[in-house]
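Enquirer: Starting off with a structure, shown below.
None of the figures in this text is laboratory data; all of them are computed from the coordinates on show. Predicted, not measured: the structure shown is a model, and the values here were computed from it. Here the Cβ positions follow ideal geometry from the backbone for every residue, glycine too, while neighbour counts run over all protein chains shown.
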Amino acid sequence: MSSNFNKIVLVDEDTVVGRGVSYVLQHELVQQTQVIKPSELLLSHNSTAMIQINNARLLLLLILERGQASISRFQQVYDRFHDVPMIVMGRRGDHALFKHVRMSQSKGWLPHDCSRTDLAKSIRSVMKGEDYFPVVNVADTEDDFEADIAISPMLTDREFEVFSMLAEGLNVHEVAERLFLSSKTVSNHRTNILNKLHLNNSAQLARLAIRHGVIEP
């Protein structure tokens, strides 16, 4: 990895996982990493300046809480530093946090126990200005073809929003009311979503959403 990929700020509460990530970044991916505790990042009046002075190109946010606690942690950091490219590393299976991150303008998501290869790939993607939301590993089902479909790179933000609501069981008219759109517009989005993801019906759409951690089973 070239030298222009260095300077990453890792936000972590001094956890074993965080130390492992920091080691991989610094010793295997040749990244210069600055580790900051969330409290220091949020309470310091010079946090933004600190990131800029250190020429950080990426904020890697490690969140090991679950449920509402994980969402609150993410939102605190995101509200203050949404202008900095951010990858969130959350617990595998935290569907609520994944959905919250994906609906924001964050650039990427990784499970906290991801491989070194995935960590490197996510960093390269975000540094190039791309989003990185890989397929979530889940138990196999009969419809194995659905597990290989990557949602995020294929859908616009609005399409993903419609996708999530349809997966939760809302019909076209209910989605239209929530998003203040016409039913025809939502119906067009639904058609585009099914075509892009090579799906035939709402049942396949819902199963795919579960596989990707967008909704809970």
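Enquirer: Of everything in the stretch 61-93, what is touching a residue at least 60 places away in the same chain (Cβ under 8 Å) and under 11 Å from the mean Cα position of the chain (by Cα)? Give them in sequence order.
Expert: Across the stretch 61-93, the qualifying residue is only Met89.
Enquirer: Would you be able to say whether some residue in the stretch 193-204 is of a type in the set (A, V, I, L, M) and over 29 Å from Pro111 (Cβ atoms)?
Expert: No.
Enquirer: Name every residue in the stretch 86-104 that is surrounded by fewer than 20 Cβ atoms within 10 Å (Cβ to Cβ) and either under 17 Å from Asp118 (Cβ atoms) or among the aliphatic types (A, V, I, L, M) (or both), in order of residue number.
Expert: If the condition is that a residue be surrounded by fewer than 20 Cβ atoms within 10 Å (Cβ to Cβ) and either under 17 Å from Asp118 (Cβ atoms) or among the aliphatic types (A, V, I, L, M) (or both), then Arg91, Arg92, Gly93, Ala96, Met103 are the ones that fit.
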